[in-house]
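In what follows, a single structure is set out as structure tokens and then discussed.
Read-outs throughout are calculated quantities, based only on the coordinates presented, and are distinct from any laboratory measurement. The structure displayed is predicted, hence computed values, not measured ones. Cβ coordinates were reconstructed from backbone atoms using ideal geometry, including for glycine residues, and neighbour counts include every protein chain displayed.
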Amino acid sequence: MTRILGIETSCDETSAAVLEGSGDDVSQKSLVILSQDVHRVFGGVVPEIASRAHLTSIVPVVDRALAEAGLALDDLDVVAVTNTPGLVGALLVGMSYGKALAFSRDIPLVGVHHMEGHLFAAALEHRDAVPPFTALLISGGHTLLLDVEAWGKYRLLGATRDDAAGEAFDKVAKLLGLPYPGGRYVEQLARDGNPDRFRFARPMVRRNAQPRDEDFYAFSFSGLKTAVLNTVRASENVERDKADIARGFQDSLIDTLVEKTVRAANAFGRDRVVVGGGVACNRTLAAAMRARLEPEGITVFTPTPRLATDNAAMIARAGLFRFERGERAELDLNAYASSTIPGLVAA
Ligand code: KG4
Ligand code: ZN
């Protein structure tokens, strides 16, 4: 049994968590997430402010995670820290802290890819959210469709060619005058929207598409965002129309996500689908996935919002997997703004 501390500072959440266990038998001892609300004022994350905020909160956040777990620093066996992808200045804060901790306690350090963390989030709550499965990772910066044969064996089927799903939500929220980050406000607004007033084309969904077509699993949301922009500009009364526009946008985006996920699950004969990343908080999306997949005998797993958005428990969970595989990071571990998820097998 291993006790692992996870640290996550890739964007605008300072988070620490302690997990205990081995293999897929892992229990979460604590999870602390401190969200930096300051960025709301700017309508987006300001990197330097994010780094400075991580610096002031990292020590108390880790202390609190240990206290909630009823543990001291000496009780830890491993430290796992996100080192990519993300804001480099923000990543370096968590990494420097993690390195100092590992060095001073003489315990191993493991570097974790943030998106592999999102892949493990559902497994923290659902025993059956383990491979093999189809995975849809949808966050503010990424949109990835993967076939997961085993932990650490990922076949990348599709990614976005332009905006990420969360980014599309945030941009549309801005167009509609909603706060940042706007995904959940768009979802709220869409609930009261009329689905028939604005029907936007489903991006990259052709009826006779074939698996060998380049866009069979790919995503693109910038055209949809432009269509929303044009609709907002043409509207005589945005206040009156905004719920209907939000509804039209969300319906189009969700249809695309569901369609591509169904294609992947069917092509690989998977009976489980795991959704992760901040956009997985969207209840309308989860309901649409279930409505479409469950009749086909496919179970859909989504993490609760606390684990779907950025958090250190998922980093500790992915870190434990990497640790058990014998992976160790040296103290010169570097931060990278972008990198492919580890363990990719040829498509
Ligand atoms: O995974 P995450 O916390 O951070 C990144 O790694 O990017 O994802 C944040 C994204 C934001 O774009 C946010 O608007 C979106 O998740 N999001 C949502 C919802 N809740 C959060 N998008 C749609 N519907 C929601 N309910
Ligand atoms: Zn994330």
Subject >> Relative contact order [Cα under 8 Å, 6+ residues apart], the chain, whole percent >> reply: 25 percent
Original post:
Given labels modelled 7 Å from the Cα in the Cβ direction, how far is it in nm from R105 to I49?
Top reply: 3.3 nm
Original post:
Which peptide among 262-275, 222-235 comes first, and what is the full order, when sorted by highest mean count of other Cβ atoms within 10 Å?
Top reply: 262-275, 222-235
**OP:** Can you figure out the FRET efficiency of R233 with A72, using R₀ = 56 Å and their beta-carbon distance, to the nearest 0.05?
**Re:** 0.45
Subject >> Cα shape, segment 33-152, gyration tensor, a/c 1.5 rule >> reply: oblate
Subject >> R306 paired with Y336, simple spin-label distance in nm, labels 7 Å along Cα-to-beta-carbon >> reply: 3.3 nm
Original post:
Once you list every other residue whose beta carbon is under 12 Å from the beta carbon of A90, what net charge do they have if Lys and Arg are +1 and Asp and Glu are -1?
Top reply: -4
Subject >> the chain: antiparallel DSSP beta bridges as a percent of all, rounded to 5 >> reply: 60 percent
**OP:** Kindly provide the helix-only [θ] at 222 nm of the chain, computed as the sum of -39,500 (n - 2.57) over DSSP H runs of four or more divided by all residues, to the nearest 500 deg cm²/dmol?
**Re:** -13000 deg cm²/dmol
Subject >> Least to most buried among V38, V32 (fewest other Cβ within 10 Å first) >> reply: V38, V32
Subject >> Rg in Å to one decimal, and Dmax rounded to a whole Å, for the chain via C-alpha atoms >> reply: 20.2, 65
**OP:** Sort H114, H54 so the one with the fewest other Cβ atoms within 10 Å of its own Cβ comes first.
**Re:** H114, H54
Original post:
Rounded, prolate or oblate: which fits segment 214-262 when a ≥ b ≥ c are the square roots of the eigenvalues of the alpha-carbon gyration tensor, with rounded for a/c under 1.5 and prolate only if a/b beats b/c?
Top reply: oblate
**OP:** Please report I315, I107 as a ranked list, fewest other C-beta atoms within 10 angstrom at the top and most at the bottom.
**Re:** I107, I315
**OP:** Can you spot the lysines whose alpha carbon is less than 21 Å from K225's alpha carbon? Ignore those fewer than 8 places along the same chain.
**Re:** K171, K174, K242, K260
Original post:
Given labels modelled 7 Å from the Cα in the Cβ direction, how far is it in nm from T226 to T299?
Top reply: 4.3 nm
Original post:
When Lys and Arg each count +1 and Asp and Glu each count -1, what net charge do the other residues less than 15 Å away from G278, Cβ to Cβ, add up to?
Top reply: -4
